[in-house]
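Worksheet for the structure shown next.
The values are calculated or read from the model by the stated rules, or taken from the named source; none is laboratory data. For clarity, every value in this text was computed on a predicted model and none was experimentally measured. All Cβ positions, even for glycine, are placed from backbone atoms using ideal geometry, and neighbour counts span all protein chains on display.
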Amino acid sequence: MSLGNLIAKHLSGKKVLLFFVLTNLVYAFMLLVTIPKVMTYSEGLPLLDMMPTGYRPEYVVQLFETLGEEGRSAYLYNQLPADMIYPLLFAISYCLLLAYFLEKLSKLDTQWIYLCWLPLVAGAADYAENFGIISMLNSFPDVSSGRAALTNYFTVIKSVSTTGYFVALTLVLLVLGFRGKRNS
């Protein structure tokens, strides 16, 4: 079954709204609860998954040292479990959201469907990033530069694909808005 067929099978306004609300509730929980909890230990240093342009291995060591044992524990046992739910919800929710608007433009059965891959790539990269962070937290203070570089690679892929997605969504919404304005 192709991505387009799978999406079309599950594309309804209610499902899109449900996934969108669930996704953003988990995201709000992370932004308001788990990330601030870890940040209380970081002395203002951003967490690895909050650095869209990436980081160097030396930064990973600096952050983990600054977090201390309690901060690393909060990262590992509070933030990362929530962030293991979020990528799946993000991937499904934002794939369906874009597909919903593409359907409104009668573009779901065109090459535009490939834009729906962007949140799926972002979600997969987010999981790879999370597993890298978990691995580095568990091996600290022995953080290999190769592991840090690989985790950074997935952080950047997540950021680029997420940014690309929101640019695509914005363009689709603009086209939909112009089309609606022209037809009224």
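In the stretch 135-148, what count of residues is obtained for those that are touching a residue at least 40 places away in the same chain (Cβ under 8 Å) and surrounded by 16 or more Cβ atoms within 10 Å (Cβ to Cβ)?
5
Let me spell it out: the conditions are (1) touching a Lys or Arg at 6+ places or on another chain (Cβ under 9 Å); (2) within 27 Å of Thr40 (Cα to Cα), and Ser73 meets all of them except one. Which number is the exception?
If we test Ser73 against (1) touching a Lys or Arg at 6+ places or on another chain (Cβ under 9 Å); (2) within 27 Å of Thr40 (Cα to Cα), just (1) comes out false.
In the stretch 149-167, what residues are buried (at least 19 other Cβ atoms within 10 Å of the Cβ) and either touching a His at 6+ places or on another chain (Cβ under 6 Å) or closer than 30 Å to Phe101 by Cβ (or both)?
Hits for the stretch 149-167 are Phe154, Thr155, Lys158, Ser159, Ser161, Thr162, Tyr165.
Is it fair to say Glu65 is touching a Pro at 6+ places or on another chain (Cβ under 9 Å) and of a type outside the set (Val, Ile, Thr)?
Yes.
Among the listed residues Ala122, Ala99, Ala168, identify the single one that is more than 20 Å from Gly13 (Cα to Cα), in contact with a helix residue (DSSP H, G or I) (Cβ under 8 Å, 6 or more places away or on another chain) and of a type in the set (Gly, Ala, Ser).
Ala122
Look through Thr170, Thr151, Thr155, Thr163 and report the one residue that is in a helix (DSSP H, G or I), over 30 Å from Val38 (Cα atoms) and either at pLDDT 95 or above or polar (S, T, N, Q) (or both).
The conditions single out Thr170.
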